[in-house]
Amino acid sequence: MNYLRSFIPWLVFAAVSTAGWQWGALAGLVASVALLIADRAAGLDLESRLLEYGTIVFFTGLTAVAFARPDSGVEAYSSALSVGWLALIAWVSLAVRRPFTMAIARRMAPPEVWRTPLFRRINITITATWALSFTLSAAAQVVIAAYGFGATLSVLVQIAGFVLPLRFTAVYPDRARARFLQQSGARLDAQGGMTS
């Protein structure tokens, strides 16, 4: 559920946009600022929060455009833009070697594992999965908007774009840890050590 918490502003945007995209953008901005303030009040480290800061930047810009030009053609592509922005955040977080999922994973993992190579490797893989899902979803949303395939297909793409990587995120860490322990045991065995 910690992963979903990080995407609350995006879910709020999607839900409130049914009343008007400018209100959805404003609600997304308010939700993103409120979550960052709540994290600060809880004493959480805010320096590696690329997702949170990127979310605030996106909704600030979208809110400004939406209220300045409510009839803008940007509205038709707002779903594609939002998931495309998430893809950009994910890819940039990988490029700067700060996978955005690490900030989320630190809420669930004990501090002693935060700097381990395994923790980092798991988060690189999970972030890459989210980045790929967001990229494919953004491309699909562009096609849906360009050809007017309708809101139902757009919603289905949005759901799949979150559910599939969320499911992967739920199962991958345990598999990666099991594989790591198995490989570590095999290395110890090969060196004449004892395995447990």
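Values computed for the structure shown
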{"read-out": "Residue satisfying condition, being touching a Pro at 6+ places or on another chain (Cβ under 8 Å) and at pLDDT below 95, within set Gly43, Gly20", "value": "Gly20"}
{"read-out": "Criterion: among the hydrophobic types (A, V, I, L, M, F, W, C) and open to solvent by 50 Å² or more (accessible area, probe 1.4 Å) - qualifying residue of Ala151, Ala128", "value": "Ala151"}
{"read-out": "Qualifying residues in region 21-60 (those that are in contact with an Asp or Glu (Cβ under 9 Å, 6 or more places away or on another chain) and part of a helix (DSSP H, G or I)) - the one farthest from Ser82 (Cα to Cα)", "value": "Asp39"}
{"read-out": "Tally, over region 131-148, of residues that are under 18 Å from the mean Cα position of the chain (by Cα) and open to solvent by 70 Å² or more (accessible area, probe 1.4 Å)", "value": "2"}
{"read-out": "Failed item in (1) open to solvent by 50 Å² or more (accessible area, probe 1.4 Å); (2) more than 19 Å from Leu4 (Cα to Cα); (3) under 16 Å from the mean Cα position of the chain (by Cα), with Tyr53 passing the rest", "value": "(2)"}
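Let's see how each residue does on (1) in a helix (DSSP H, G or I); (2) open to solvent by 50 Å² or more (accessible area, probe 1.4 Å); (3) touching a strand residue (DSSP E or B) at 6+ places or on another chain (Cβ under 9 Å):
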site: Ala87; (1), (2), (3): yes, no, no
site: Ala90; (1), (2), (3): yes, no, no
site: Pro99; (1), (2), (3): no, no, no
site: Met108; (1), (2), (3): no, yes, no
site: Arg120; (1), (2), (3): yes, yes, no
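The values are calculated or read from the model by the stated rules, or taken from the named source; none is laboratory data. In this text the structure is predicted, and so the values were computed from the model without any measurement. Every residue, glycine as well, gets a Cβ built from its backbone with ideal geometry; the counts of neighbours run over all protein chains shown. To get the accessible areas, we keep the full protein, side chains included, count just its heavy atoms, and leave off ligands, DNA and RNA. Shrake-Rupley method; radii C 1.70, N 1.55, O 1.52, S 1.80 Å.
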